[in-house]
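Trainee: Below is one structure. I have some questions about it.
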Amino acid sequence: SQQGEEDPQALSIQEGENATMNCSYKTSINNLQWYRQNSGRGLVHLILIRSNEREKHSGRLRVTLDTSKKSSSLLITASRAADTASYFCQGGSEKLVFGKGTKLTVNP
Amino acid sequence: EPEVTQTPSHQVTQMGQEVILRCVPISNHLYFYWYRQILGQKVEFLVSFYNNEISEKSEIFDDQFSVERPDGSNFTLKIRSTKLEDSAMYFCASSETGTLSSYNSPLHFGNGTRLTVT
């Protein structure tokens, strides 16, 4: 499977700081997507980066993709308490398998 | 913005009973999925569905599970004889394009059905 594995498993920061989460995957992908999950809720799609892109921005989100290293990073700038959630990456595959995620806590 | 809706939000059932979890995907989406998440654990893929048939399924999706699109709007997951370990959040998702497409679109998730098997 093309499971994404997020790192770190947990991250705790203060409001206003930047949060960086990493993702590694095992096989070739067409694109990579990041999702967030608030506790007990469904996953919400954040951003998609295609395999021929190296960086993408969306508001306070910045995603990078390094296909040679099979890795991606998600940067959330100027974090807010409302960003507290679990974040998952997913490389395009038939099964759309998710990893364990990074649990981000933003302290006010 | 259109959304995926799931009913019920919480279902309690006794071990051995059959349950049907219901989902209404976004109307112009063609690909449908079920996932589950046991409390505190990761989101696990169960099955994907396209053109009225299963396109992929995981090891979890054994003979006790089945999916159906009974009409043009609903997508259901049936568990024939529930076990205690089936207790979990079950999420339905849909997408416009397939996951193998070079331009595959994101998954849109419902808010889940919490299944409690006693």
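The values are calculated or read from the model by the stated rules, or taken from the named source; none is laboratory data. Being a predicted model, the structure only gives us computed values, none of them experimental. Glycine gets a Cβ as well: all are built from the backbone with ideal geometry, and neighbour counts include every protein chain shown. SASA here: full protein model, heavy atoms, side chains in, ligands and nucleic acids out. Shrake-Rupley method; radii C 1.70, N 1.55, O 1.52, S 1.80 Å.
Trainee: Can you give the FRET efficiency for A:Ser51 and B:Asn51, using 1/(1 + (r/R0)^6), R0 = 25 Å, r = Cβ-Cβ distance, to the nearest 0.05? Walk me through the intermediate numbers first.
Mentor: Working: r = 26 Å, r/R0 = 1.05.
Working from the Cβ atoms, E equals 0.45.
Trainee: Then there's this: For the protein assembly as shown, count the residues as N, evaluate 2.2 N^0.38 Å, and divide the Cα radius of gyration by that value, please. Working shown, then result.
Mentor: Numbers: Rg = 17.5 Å, N = 226, 2.2 N^0.38 = 17.3 Å.
The protein assembly as shown yields a ratio of 1.02.
Trainee: Local charge sum around A:Ala10 (other residues, Cβ-Cβ under 11 Å, Lys/Arg +1, Asp/Glu -1)? Walk me through the numbers on the way to the answer.
Mentor: Working: positive: A:Lys100, A:Lys103; negative: A:Glu6, A:Asp7.
That sum, taken over residues with Cβ under 11 Å, equals 0.
Trainee: In addition: Averaged over every viewing direction, what's the projected area of the C-alpha convex hull for chain B? Give it in nm², one decimal, please. Could the numbers behind the result be given before it?
Mentor: Details: hull surface 29.1 nm².
Over every viewing direction, the Cα hull of chain B projects on average to 7.3 nm².
Trainee: Something else about it: In a shell of Cβ-Cβ distance under 14 Å around A:Asn38, excluding A:Asn38 itself, what net charge do Lys and Arg (+1) and Asp and Glu (-1) give? Each step should come with its number before you reach the end.
Mentor: Details: positive: A:Arg36, A:Arg41, A:Arg80, A:Lys103; negative: A:Asp83.
So the environment of A:Asn38 carries a net charge of +3.
Trainee: Along the three principal axes, how long is region A:5-107 when you take its alpha carbons, biggest first, rounded to the nearest angstrom?
Mentor: Cα extents, longest axis first: 37, 27, 20 Å.
Trainee: Still on this structure, I have one more. Which lysines have a Cα less than 27 Å from the Cα of A:Lys69, not counting those fewer than 8 places away in the same chain?
Mentor: Reachable lysines: A:Lys26, A:Lys56, A:Lys95, A:Lys100, A:Lys103, B:Lys42.
Trainee: If you don't mind, another one. Among B:Glu53, B:Glu68, B:Glu44, which one moves the most in a GNM of chain B with springs linking Cα atoms closer than 10 Å?
Mentor: Residue with maximal mean-square fluctuation among B:Glu53, B:Glu68, B:Glu44: B:Glu53.
Trainee: Just reorder B:Asp63, B:Asp71 by solvent-accessible area, largest first, 1.4 Å probe, all chains present.
Mentor: On the way: B:Asp63 130, B:Asp71 70 Å².
Result of the area sort, largest leading: B:Asp63, B:Asp71.
Trainee: Right, next: Give me the one-decimal nm value for the distance between modelled label points at A:Ala82 and B:Ile60, 7 Å along each residue's Cα-to-Cβ direction.
Mentor: The two pseudo-label positions are separated by 3.0 nm.
Trainee: Highest GNM mean-square fluctuation, chain A, Cα pairs closer than 10 Å: which of A:Ser24, A:Ser72, A:Ser58?
Mentor: In this elastic network of chain A, the residue with the biggest mean-square fluctuation among A:Ser24, A:Ser72, A:Ser58 is A:Ser58.
Trainee: Right, next: How much net charge surrounds B:Pro8 when only other residues with a Cβ under 13 Å from its Cβ are counted (Lys, Arg +1; Asp, Glu -1)?
Mentor: Details: positive: B:Arg22, B:Arg114; negative: none.
Net of charged neighbours comes to +2.
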